[in-house]
Structure formats: structure tokens, C-alpha cells
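In what follows, a single structure is set out as C-alpha cells and then discussed.
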2 protein chains.
Amino acid sequence: MIVAPRPLGADATIGILGGGQLGRMLALAAARLGFKCHVLCPDPQSCAFDVVRRVTEADYTDKEALDRFANDVDVVTYEFENVPAETATFLSARRPVLPDPKILATTQDRLLEKTFVTSLGIAVAPFAAVDDLAGLEAALASVGRPAVLKTRRFGYDGKGQVTIRAGDDPAVAWAEIGEQPAILEAFVPFEREVSVVVARGLDGTVQSFDLCENEHRDHILKVTRVPAAVPAAIADTARAIAGRIAEAFGYVGVMAVEMFWVAEGGGRVLVNEIAPRVHNSGHWTQDGCTVSQFEQHIRAVAGWPLAVPVRHGRAEMLNLIGAEVHDHKAWLSVPGASVHLYGKPVVRPGRKMGHVNRVFRD
Amino acid sequence: MIVAPRPLGADATIGILGGGQLGRMLALAAARLGFKCHVLCPDPQSCAFDVVRRVTEADYTDKEALDRFANDVDVVTYEFENVPAETATFLSARRPVLPDPKILATTQDRLLEKTFVTSLGIAVAPFAAVDDLAGLEAALASVGRPAVLKTRRFGYDGKGQVTIRAGDDPAVAWAEIGEQPAILEAFVPFEREVSVVVARGLDGTVQSFDLCENEHRDHILKVTRVPAAVPAAIADTARAIAGRIAEAFGYVGVMAVEMFWVAEGGGRVLVNEIAPRVHNSGHWTQDGCTVSQFEQHIRAVAGWPLAVPVRHGRAEMLNLIGAEVHDHKAWLSVPGASVHLYGKPVVRPGRKMGHVNRVFRD
């Protein structure tokens, strides 16, 4: 039994699983629309706790806490893709959970995700399932080298993946990822990494933001630029792909589709990864667009109409990672720059501490 | 003894006196910059309570509560101009209070305010002090009719004022405002009501937003449009006046200066009223500008550098008053419109429930 969603009244409370910066920015966007939020997170130092009145500090598997949380909210959404399946099932029996947690089963597993995307007739890099070392040898024979071996589950920001080049010993790579179920992906000589942040409403309406291009550093997103410097036809194709995936999922909320733009041979787009949540590559929308990805997500899960996004100009988002958070001081005085800090109490290397959005009217 | 302000660290807590929509939007802007907020307000249903973790529900004269509040915050600011003087004095001995509460003594009293502005060589409509009925007769003789009789203190949204036209009995007007200390102002045949929202930083930097024009209905702001349709020289003069007032006050934070644009005789600007706080006529900045008035105020009271505001285009703000809050549904689907709802639990006639910002790139 699951509880079906319906449009919320303006006095409703939205429950958010996860208390990081995405939860925080979702709560801030919800507040603009008059909604209250209740954040559940096991971490007592959750930065999202600071911007809501009601918080639950509890583990995601704490049934008693989940029950109290569900009773206090009108709809549940989440800021991260690794919501445990049993948590989702437990909550779904009590309140609508959006986007539908069934989607997580697909996006939490790289093999299921690629298989799903491929089934829609959408291109991905050549891949093969890997369950043991023999399977890895076979996969390398079919996919070729260089290739990237990735765990099927729980990989993010470059964790759980290793590149296998000519001469590399597959056994070392297999040991490195912990001998877990994996997939091997062909290493695609792409021109740019691009992404589409797309929203789908409860009424089935789809609205995508403009295609952006992303630069990573140490496997962590560093810069997003929008619009992406790709041919218009590529941008149109990419946005259409994101819309088709959202529709195929029956998705409600905001998701991001990361893709590779491969320029050779006339140009094409390959889907790399789906993030079933608001996404770092959509942060520019807070200042560069008439509606942010966070508000668009809240509108969707509230069953309210999506906004039609209109971009203010060329935009750029720069992550402040680890000690780079101190750079915010210099950014405060740059005309057209908007500084966002997440209020995280501890600076750690690789930790996303804030970001800077810039809008250019040229 | 007062505590002198200094720049806050990013982990600081800002105390806000007043829990209405202005306090709420200040807290949301502070959260973008990573600050925590603590809101103090006597009303248990304060809509600003919903967007912060720490609240104090107490009267502004409750010394024990004020002491606890002061101990929990690094700086104190306020969302309304009628902060009791004893509250300000009590808090100032414990934490920096910005803008300096001494300014409130001037802006809380129309006679002191007009006298102060006039002392800067800035024009206001002709006025005279009125302390009794005989004084009102004398004031009418000097100022002429029509004229507006206003209580010196605690007037807002048209409360505490009455127009005296030819043939009206001054005694009736005097009774109507409760026989309180008042001023009589000449009724100026103005072309437009305009306002400047100006910020002054702890370092003395002044940044003003573009001049906007305001339309009132039943003495309550209904629409703000920016830029105001006035000659460029008038807009420059108006912004310069606002900056001079902020400097003369040694102001830290955002304030609004409401003015009349009188077109006849070559055109001039008369200062009508000063609001020592963020102001309804600055709400358009949330979506129409690279920095909002709320963030600008937070930057100022935090001792951080002010941002250089860059407007995205022509902008318009429409208040949703009383039952008009239900109109938000239609606005949600209008491209370029941003809906803001304050989460107030009870709709009352004349109550500000939300607003809509629109940005036009024409």
C-alpha cells in the first residue's frame, strides 16, 4: 500500500530526508512558497537543521522516529539517492514519497540504470556487467581498453571506480574496488561533460533547464557553465533525452542527467549517470534563472505547477571545496557574484562548503 | 555602554527582533550566506519562526528573555521601526545592535524625522508641529489646505492620519487622530510616489538600488515598478538624497526613503518618510537583481562588504493582500513570475500574505 500524492495546501509541511546542503537549499526554496519543512537526518550537525523549525535527529532505519516524522509531514522527499529501500517502503505506507522510491532501485545500481536507459533507445558508452575476475577479463575483451571499472552501487564523487589502461592488471583493479558487483564501461573520448537538470510535475508537465557543461577536479564538480558550448542540436537532443527519461520513470521532482558530448563523427550524446534529486550542476539556477531547481523540485513534490524557467544571462557556478570556503571573502565584492555558504561547522578536504554563482549579461 | 560592532565569522548567529515576513525573509537571506538566525517575537504564530532553528517567544520588554536572546547571538537587528527604546538600550549593552537604535528615536517621530531631513538641506513638503487644536488652526493658516494631519508616532499603512480639505472642521480631524502630538503636512500634488532602498555597510560604503515607483491602495503598498518612470536626473537626485540620509545617520543596514516626485516647475523630489529597515518596495530585488535587499542588510549588519546590485531587467512587485493570497495559484504558471508566500496561518483583510515578483527582459 502506498499513499497517492495530491496537491498540497499552502500551509503544508514537507518532510526532507537528509540534512546536507541540498536539503538546506530545498528547505529555503520551500519557505519562499510558504511551506514548512521538517528535516530528518542522523547527523546532529546537519546544516539543513538550521533553517527549519522541526528536525528529527535519527537514523534512517529508526522506525519509531520515521513514524513520528511521517505523522508530522504531508509529503516526503529526499536530498540523496541512497535512501534505504526499507525506509522508503515504510514511509510510503504513511505519506506520499516523491519522487517514487521505486526509481531509486534503478538509479542506485549502475547496471540497472544503464540497462534502463538503453531500453529507451538512448545511447550510453559500451558497458558490460562484471561479477568476478573472469567476467572482468571477458568484459575487457568486449569493451576494450582503456575502460573504467565501477562498483554497481554506492559510488559517488569518483569513489568505487578505477581506470584500466593498456598493460594494467585486471586483478589489481578488481581488488581495488573490493571485488564487488561492478560494470565495466568503455572510456569514451568525449569533448565535454554536460548535464540537464529536468523537472517533471505531478501533472506530467516537463520543464528542463538549459544544458550546462561541467568541469570536475579530483572527480568532484568544480565549475558549471551555462549554456554549454555545444551545437544547438546537441543541446536540444540532450534536453529531449532528459525529458524522455523523466517520463519513462513517471518521475515527480527534479533530476539530473549527466552526459558526455562526443564531437567526433558528427557529434552525439551519451548518458553517463542519473541523479534522482536536485544536483550540484543545477545550483546556478538560484541566481541565473527566474526559478531555481530547488523551487522547481518543491513545486513538483507539492503537486503545484512547474515554473517556466527563463535564464537571466550566461551563468557560471563555482564550488567552494574544503579550505576554498575561505575564498568567499574575495567573491563577496565581485559584481554579479552571489555567494552561498552552507553553514557546515567543520571544513574537511573534498567537502562541499559553498558555491559562487555568477551571472553575465553579455 | 554599547558594544561596538565588528565583522562576523561565517558561523555567527544573527538575532532578529520581530517575526513577520520581513524577519522571515531576512533569515532566509542570512541562511544563504551560512549564518544562523535566532528570532525573538511575542507572537507564537510568527511566520519567521518557521525558518530558523532558535526562537524566543517573548515580549520585547521581557528582560530575562532578552538577556538569554542576547547571549545566544553575535549581533542584533530588527525588522520593524517601533522597537521600544528600553529594549534597544538593554540589548545594546550586551551585543551590537544594528542599525544604531538611536536612529529610531528620529524615525519614530514624524516631527523629528522631517526636522532632521530638512537640516540636511533636503526638501520635504511644508509642515508644522501641532500640539493642540489652537496649534492645528495656526498650522492650517501657514501650511494651507488641503493638508494631512498625522500623529507624530506609531502611524503606518495610513493609520493615524486624516486629510483636512476646504470646509472640513479642524476639531473633527483633531479628535479623529486622538488629540495626540501631530504634524500637519501640506498636501503635495505629486506625479508619483517613489522610493529608494539604500544600504550602508559597516565600512561606510553606500549602495542603493534603482529608484522604484509605488502605487498604494487603501494606504497599503500594492505595486512597485522599477525603474521608476521619471527623468534620469530625478532618479539620480533621489538616490543621492537616500545616500546622504544614510550617511548623516551613520546608518548600518538597509533603509528605505519614500519620496514624492513633483513634476511641475521643472521637477523636484520631496522626502516623505524614512523606514529604518528593509522595505516592501525593495521586495523586487529578490528576483530582479543580483543581490536582494535582505542579503544586503545581512551583509551590512554582519560587517561584510556590500554587494554591487545589478538589475536583471525591468521588474514589478505585486503585493498579495488579505484574500488576494489565493491569487498565487494563477501566478505560479506565469513565465517570469516568482511567487512568495509568507506562511501566515490566518488571512485577514489588509494583511500582507505574500507577493509576486516579475522580471521582464524587454
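The values are calculated or read from the model by the stated rules, or taken from the named source; none is laboratory data. Quick caveat, the model's predicted, so the values are computed rather than measured. Heads up, the Cβs are rebuilt from the backbone with ideal geometry, glycines too, and the neighbour counts pull from every protein chain shown. These area figures cover heavy atoms from the full protein model, side chains too; ligands, DNA and RNA do not enter into them. Shrake-Rupley method; radii C 1.70, N 1.55, O 1.52, S 1.80 Å.
Looking only at region B:217-238, residues that are touching a strand residue (DSSP E or B) at 6+ places or on another chain (Cβ under 9 Å) and open to solvent by 70 Å² or more (accessible area, probe 1.4 Å) come to 4 in all. Tell me whether region A:249-257 contains one or more residues that are open to solvent by 20 Å² or more (accessible area, probe 1.4 Å), in contact with a strand residue (DSSP E or B) (Cβ under 7 Å, 6 or more places away or on another chain) and away from chain B (no Cβ under 14 Å). Looking through region A:249-257, none of the residues is open to solvent by 20 Å² or more (accessible area, probe 1.4 Å), in contact with a strand residue (DSSP E or B) (Cβ under 7 Å, 6 or more places away or on another chain) and away from chain B (no Cβ under 14 Å).
Among the residues of region A:345-362, which ones are buried (at least 20 other Cβ atoms within 10 Å of the Cβ) and within 8 Å of chain B (Cβ to nearest Cβ)?
A:G354, A:V359, listed by residue number.
If you go through region B:248-264 and keep only what is closer than 15 Å to B:T118 by Cα and of a type outside the set (A, V, I, L, M, F, W, C), you end up with just B:E258. Condition first: within 14 Å of chain A (Cβ to nearest Cβ) and in contact (Cβ under 8 Å) with a residue 60 or more places away in the chain. Can you find one or more residues in region B:268-283 that meet it? Yes: one or more hits.
A quick yes/no check of all residues on (1) among the aromatic types (F, W, Y); (2) on the phi > 0 side of the Ramachandran plot; (3) assigned by TED's automatic domain parsing to the domain that holds A:I177:
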| site | (1), (2), (3) |
| --- | --- |
| A:Y78 | yes, no, no |
| A:P84 | no, no, no |
| A:T87 | no, no, no |
| A:E113 | no, no, no |
| A:L149 | no, no, yes |
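Residue check: B:I220 meets all listed conditions (1) at pLDDT below 95; (2) of a type in the set (A, V, I, L, M, F, W, C); (3) in contact with a Cys (Cβ under 9 Å, 6 or more places away or on another chain) but one, namely (3).
Among the residues examined, A:T89 qualifies as open to solvent by 10 Å² or more (accessible area, probe 1.4 Å), of a type in the set (S, T, N, Q) and not in a strand (DSSP E or B).
For region B:10-36, taking the residues that are away from every other protein chain (no Cβ under 11 Å) and not aliphatic (A, V, I, L, M), the one that is surrounded by the fewest Cβ atoms within 10 Å (Cβ to Cβ) is identified as B:G20. Return yes when B:L112 is more than 26 Å from B:G350 (Cβ to Cβ), open to solvent by less than 20 Å² (accessible area, probe 1.4 Å) and in a helix (DSSP H, G or I) and no when it is not. Here the answer is no, as B:L112 does not meet what is asked.
Take region A:161-200 and flag every residue that is assigned to a helix (DSSP H, G or I) and either among the aromatic types (F, W, Y) or closer than 27 Å to A:P227 by Cβ (or both).
Just the residues of region A:161-200 that are assigned to a helix (DSSP H, G or I), to begin with: A:170-176.
Within region A:161-200, A:W174 is the sole residue that qualifies.
Inside region B:303-335, residues that are of a type in the set (A, V, I, L, M), more than 10 Å from chain A (Cβ to nearest Cβ) and outside any helix (DSSP H, G or I) make up a count of 5.
Suppose the filter is at pLDDT 95 or above and surrounded by fewer than 16 Cβ atoms within 10 Å (Cβ to Cβ); does A:D157 pass it?
On the way: at pLDDT 95 or above: no; surrounded by fewer than 16 Cβ atoms within 10 Å (Cβ to Cβ): yes.
No; evaluated as a whole, the condition is false for this residue.
Of the residues making up region A:295-311, those that are open to solvent by less than 10 Å² (accessible area, probe 1.4 Å) and under 23 Å from B:R361 (Cα atoms) are A:E295, A:Q296, A:A307. One residue alone among A:A27, A:A129, A:A105, A:A70 is modelled with pLDDT under 95 and either outside the structural domain of A:Q161 (by TED's automatic domain parsing) or not in a helix (DSSP H, G or I) (or both), and that residue is A:A105.
Can you pull out every residue in region A:37-49 that is open to solvent by 10 Å² or more (accessible area, probe 1.4 Å) and either closer than 19 Å to A:L306 by Cα or of a type in the set (S, T, N, Q) (or both)?
Taking region A:37-49 first, the residues open to solvent by 10 Å² or more (accessible area, probe 1.4 Å) are A:38, A:41-45.
Hit for region A:37-49 is A:Q45, nothing else.
Scanning region A:128-151 for residues that are farther than 15 Å from A:E185 by Cβ and within 28 Å of the chain's Cα centre (by Cα) yields one hit, A:D131. Inside region A:262-275, residues that are open to solvent by less than 40 Å² (accessible area, probe 1.4 Å) and within 12 Å of A:V196 (Cα to Cα) make up a count of 5.
Considering only region B:50-63, I want to know if a residue exists there that is hydrophobic (A, V, I, L, M, F, W, C), open to solvent by less than 10 Å² (accessible area, probe 1.4 Å), at the interface with chain A (Cβ under 9 Å from one of its Cβ atoms) and assigned to a loop (DSSP other than H, G, I, E, B). Yes, region B:50-63 has at least one match.
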